[in-house]
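Worksheet: the structure to be examined is printed underneath.
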Amino acid sequence: MDVEGAYTLQATPEEVWKCLMDQQILRQVLPGVEHLEALDENRYAIRLAVRHAPLRGSYEGLVTVSDQEYPHCYRITVEGESRHGPVRGEGWVRLLRREHNTVVSYQGVLNVGRAGLLPAPVLRGTTKMLIQQFFLGLADQLRVMRPPEIEEASEVAAQPNQVSAQRQERAWPPEAIRASESGLPARGRTPLHSLVRRLRLGGGDPQAEERWVQAIRRTAMLAVLLLLVWVGTRLPRRLLA
């Protein structure tokens, strides 16, 4: 199964790279992570518990990071086992500076034993949702790490270059554009934050509002997954052959 996409984060490539290489942060943002341990400088033992069908189950194996070019790109290789069978995957992660932001693109191949017999749209949808959860958590970590004045300055400086950023977006590789997702801006300023505030779901408490936003996001992603599963089960059998 091919896996590719891109995500924009409000941070410099150096800041994003630091988070991607930080075990403590990865333990907080990787969906379902139960164990993460560095075996040496570039190899990690990992155990995950995925709770989303059709990939539900426990996964255990090794992750190797190689061919690092700080802070631009690195190669990642995964080898492990699961109740679905052996897990094998490899790909590249690239970081591209864009104004005050960083576009993280990923492209690779992932094979998960018997799960590969399921409809590709269902598998791709579940994988996409897990990656989305990872980047949402990473965006939250970066927002906490960056002082508020830096975030404000980034937003003000980005406004005059909006047209230029759109032109750069058109020049970005097609595989990144197809799966491009927008990183979260400063807390309370996304449309979802505005909706929660307008509906008074958090009673004016920023922390309560943030919990509502996260709950709505999780519910929305679950709804998308269920829709993909429903569509996959109704595909004509000749398409699954």
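The values are calculated or read from the model by the stated rules, or taken from the named source; none is laboratory data. What you are looking at is a predicted structure, and each value in this text was computed from that prediction instead of being measured. Quick reminder, even Gly has a Cβ in these numbers, built from the backbone with ideal geometry, and neighbours come from all protein chains shown. Accessible surface areas use protein heavy atoms only, side chains included; no ligands, DNA or RNA. Shrake-Rupley method; radii C 1.70, N 1.55, O 1.52, S 1.80 Å.
Structure notes:
- Alpha-carbon centroids, region 19-59 and region 60-97: separation in whole Å: 12
- SER58 versus GLU37: modelled label distance in nm, points set 7 Å from Cα along the beta carbon direction: 1.5
- Couplings 3J(HN,Hα) for region 127-138, derived from phi with the Karplus relation 6.51 cos²θ - 1.76 cosθ + 1.60 (θ = phi - 60°), are 4, 4, 5, 5, 5, 4, 4, 4, 5, 4, x, 5 Hz, where x marks Gly and Pro.
- Apportionment of accessible area to carbon and sulfur, region 1-150, percent (1.4 Å): 54
- Per residue, region 1-124 exposes 51 Å² of solvent-accessible protein surface, assessed with a 1.4 angstrom probe and all protein chains in place.
- When you count the other C-beta atoms within 10 angstrom of each residue and take the mean per peptide, 43-53, 103-113 line up highest first as 103-113, 43-53.
- The calculated P(r) of region 1-116, using every Cα pair and 10 Å bins from 0, goes 13, 42, 35, 9, 0 in percent.
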